[in-house]
1. On the basis of being surrounded by fewer than 18 Cβ atoms within 10 Å (Cβ to Cβ) and at the interface with chain B (Cβ under 9 Å from one of its Cβ atoms), does A:THR253 make the cut?
2. Looking at (1) without any contact (Cβ under 8 Å) to a residue 24 or more places away in the chain; (2) open to solvent by 10 Å² or more (accessible area, probe 1.4 Å), can you tell me which one A:LYS137 breaks?
3. Name the single residue that is farthest from the other protein chains (Cβ to nearest Cβ) among those in the range A:180-192 being open to solvent by 10 Å² or more (accessible area, probe 1.4 Å) and in contact with a strand residue (DSSP E or B) (Cβ under 8 Å, 6 or more places away or on another chain).
4. Evaluate the following for B:LYS85: is it more than 19 Å from the chain's Cα centre (by Cα) and basic (Lys, Arg)?
5. Which one is nearest to the other protein chains (Cβ to nearest Cβ) among residues in the range A:193-207 that are part of a loop (DSSP other than H, G, I, E, B) and either touching a residue at least 40 places away in the same chain (Cβ under 8 Å) or within 18 Å of A:LYS321 (Cα to Cα) (or both)?
6. Determine whether the range A:140-155 contains at least one residue that is surrounded by fewer than 20 Cβ atoms within 10 Å (Cβ to Cβ), at pLDDT 95 or above and among the acidic types (Asp, Glu).
7. Can you name every residue in the range B:88-134 that is of a type in the set (S, T, N, Q), outside the structural domain of B:VAL259 (by TED's automatic domain parsing) and touching a residue at least 40 places away in the same chain (Cβ under 8 Å)?
8. Is it the case that A:LYS204 is charged (D, E, K, R), out of contact with any Lys or Arg (no Cβ under 8 Å at 6 or more places or on another chain) and open to solvent by 20 Å² or more (accessible area, probe 1.4 Å)?
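The values are calculated or read from the model by the stated rules, or taken from the named source; none is laboratory data. Small disclaimer: the values here were computed from a predicted structure and weren't measured. A quick note on method: Cβ atoms are made from the backbone with ideal geometry, for glycine too, and the neighbour counts reach across all protein chains shown. Heavy atoms of the whole protein, side chains included, go into the accessibility calculation; ligands, DNA and RNA do not. Shrake-Rupley method; radii C 1.70, N 1.55, O 1.52, S 1.80 Å.
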There are 2 protein chains.
Amino acid sequence: MKIVIIGSSGHINYAIEGIGLDKECEVVGVAPGSKGESIDKVLNMLGENFKGKVYGDYEVMLEELSPDVAVVACHFGDIAKVNIKALSYGCHVFTEKPLATTMEDLKALKRVYYQSGKRLCAMFGIRYKPWFFTAYKFVREGAIGEIRLINTQKSYKLGRRDEFYKKRETYGGTIPWVGIHAIDWIHWFTHKRFKTIYATHSRKYNKDHGDLEVTALCHFTLEDEIFASLSIDYLRPENALSHDDDRMRIVGTDGVIEVIFNKVFLTNKDYKNQELPLEGRGNIFVDFLKEIKGNGSCMVTAEESFYATEVALLARQSADKNKIIYLP
Amino acid sequence: MKIVIIGSSGHINYAIEGIGLDKECEVVGVAPGSKGESIDKVLNMLGENFKGKVYGDYEVMLEELSPDVAVVACHFGDIAKVNIKALSYGCHVFTEKPLATTMEDLKALKRVYYQSGKRLCAMFGIRYKPWFFTAYKFVREGAIGEIRLINTQKSYKLGRRDEFYKKRETYGGTIPWVGIHAIDWIHWFTHKRFKTIYATHSRKYNKDHGDLEVTALCHFTLEDEIFASLSIDYLRPENALSHDDDRMRIVGTDGVIEVIFNKVFLTNKDYKNQELPLEGRGNIFVDFLKEIKGNGSCMVTAEESFYATEVALLARQSADKNKIIYLP
């Protein structure tokens, strides 16, 4: 299976790790996906084993190599455009999120995708982290009854971000880039639609990062009056034990389950804030390859990838305009 | 110092513990504050040492005994009315929150209070819990820099609540009754005004508790684009290790501090998610008595008590009407 990598600005590690686990796969080409994007990072990660070709123009690469799968991780403002091209050249697409940074781009991408007959999967690799997958399994098996309330958290170290993070046009915003993960968790755990969205975000104290919002807060109401909060910040101290501090607390009619410090704790009639043994689900890209080969189905669907993007863009719009957004 | 207790529906334990610590204080009378309210609980707590008189009508008690301090803990819908009476009879007032369950009652109470020359303090005793007071001290001393984002949580066991919890008129709502604590923390920690309020609440799955909202979520924007979330639920499993699960996470420009599991953790340039030694601040009612006697100032002011009530009522209104509320 021929794989190309377009861009090196996102979580290409998911793909490179996955490719390393699948002997039928080979990276045949690498190219930048955005103007001025360096691909040093991806070349470093591929290392000496890389036997493919390096291109300056990804469209030439797509045309010359006719790859089976395109891994897309360019500047976020170009993701939709590159995905459209890759689908048009007959590739399955494993792509960085958000799938688009404007609603127009999202619509255009969806149109091309649904005509393509190809597969698409966003890099929601956090679902595969054992702590999230374990919590998901328990919730789906009924450990907490009906979900009523969810609190999620994304907290990152800021460090020094690349220049493209500093412009809304190339970055897309912190809710679509960082918050989208938790939007995905909320939808994944509940299987419910978002009905009302309210969000705020702020650029204050962003240490010269231009348009980048350094704090954000989202408030979602899903079907059946399920509420979900999402707290986002880039203020995790550089000194902290890890880059990120992802959390999720799910309150149900029969229990509470919590993902915190990469662990899972459950309280219900049988458990008293007890730590659960973790269960993994492997690598997201391997899962996606299985689906392409017809040997299984990837946990992240194209529909979910589009939906999380749509909700994230609406939340950004809510924050930009300071208004409540209602979904049908 | 003569003290009366009106009602036994709230946290009279703060007062009774405080009275036990002050030899100049004596409970001279007890009466219900609401129609049909039992005062068995307060009589049980006072025990055999109680030498005062039991009244059926608190106004008769106020008139006959001319107490120095009234402790008010009736049904929440009657708090403002009873406070107004107590102030009118020349009492200082130590009162359950919210100070009122309607904006009209709040206005009336404020008017009477500011004319009275007396002291008033809401039962925001959680401020005195060593974990909250310790976090407060570190934040005020600059441990996390400028506050940018706050996440708060109130989670309670529901159990079987008294009948008056089941009607909005007598109960007031879950945001004013439970959420108000976290509203108070947010204001106390930041010393900032609330500018925008958005909230939702739901009665679904409230186990036959009538109007009582069993989940709620609030989203506040304070001055300087500081965001604060508040998650409230009555879904803490009966089996959980404690009645409540109060939490607060404060994200600053130079660090993150967190109150969780009755402990405090700090991350900044000097601390890596390190547990802090706890420091207490005694009993809230003792503090209030000191203020009355001119020997100090209580940590909870009347202004703050009114303000937290106002914000809680506006949040309830936001949730009732599903609209954003803007404050001047």
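1. Values: surrounded by fewer than 18 Cβ atoms within 10 Å (Cβ to Cβ): yes; at the interface with chain B (Cβ under 9 Å from one of its Cβ atoms): yes.
Criteria met by A:THR253.
2. (1)
3. Keep residues of the range A:180-192 that are open to solvent by 10 Å² or more (accessible area, probe 1.4 Å), which gives A:187, A:190-192.
Keeping just the survivors that are in contact with a strand residue (DSSP E or B) (Cβ under 8 Å, 6 or more places away or on another chain) gives A:187, A:190, A:192.
Working: A:HIS187: 17, A:THR190: 14, A:LYS192: 13 Å.
Top of the filtered list is A:HIS187.
4. Numbers: more than 19 Å from the chain's Cα centre (by Cα): yes; basic (Lys, Arg): yes.
Yes: the conditions hold for B:LYS85.
5. Our first condition is that a residue be part of a loop (DSSP other than H, G, I, E, B); within the range A:193-207, this holds for A:193, A:203-207.
Applying the additional criterion that residues be either touching a residue at least 40 places away in the same chain (Cβ under 8 Å) or within 18 Å of A:LYS321 (Cα to Cα) (or both) yields A:193, A:203-204, A:206-207.
Working: A:ARG193: 16, A:ARG203: 8, A:LYS204: 5, A:ASN206: 10, A:LYS207: 9 Å.
Of everything passing the filter in the range A:193-207, A:LYS204 is nearest to the other protein chains (Cβ to nearest Cβ).
6. In the first step, residues of the range A:140-155 are kept if they are surrounded by fewer than 20 Cβ atoms within 10 Å (Cβ to Cβ); the result is A:140-142, A:145-146.
This time we only want the ones that are at pLDDT 95 or above, so: A:140-142, A:145-146.
Narrowing the set further to residues that are among the acidic types (Asp, Glu) leaves A:141, A:146.
Yes, the range A:140-155 contains a residue that is surrounded by fewer than 20 Cβ atoms within 10 Å (Cβ to Cβ), at pLDDT 95 or above and among the acidic types (Asp, Glu).
7. Of everything in the range B:88-134, those that are of a type in the set (S, T, N, Q), outside the structural domain of B:VAL259 (by TED's automatic domain parsing) and touching a residue at least 40 places away in the same chain (Cβ under 8 Å) turn out to be B:THR95, B:THR101, B:THR102.
8. On the way: charged (D, E, K, R): yes; out of contact with any Lys or Arg (no Cβ under 8 Å at 6 or more places or on another chain): no; open to solvent by 20 Å² or more (accessible area, probe 1.4 Å): yes.
In short, no.
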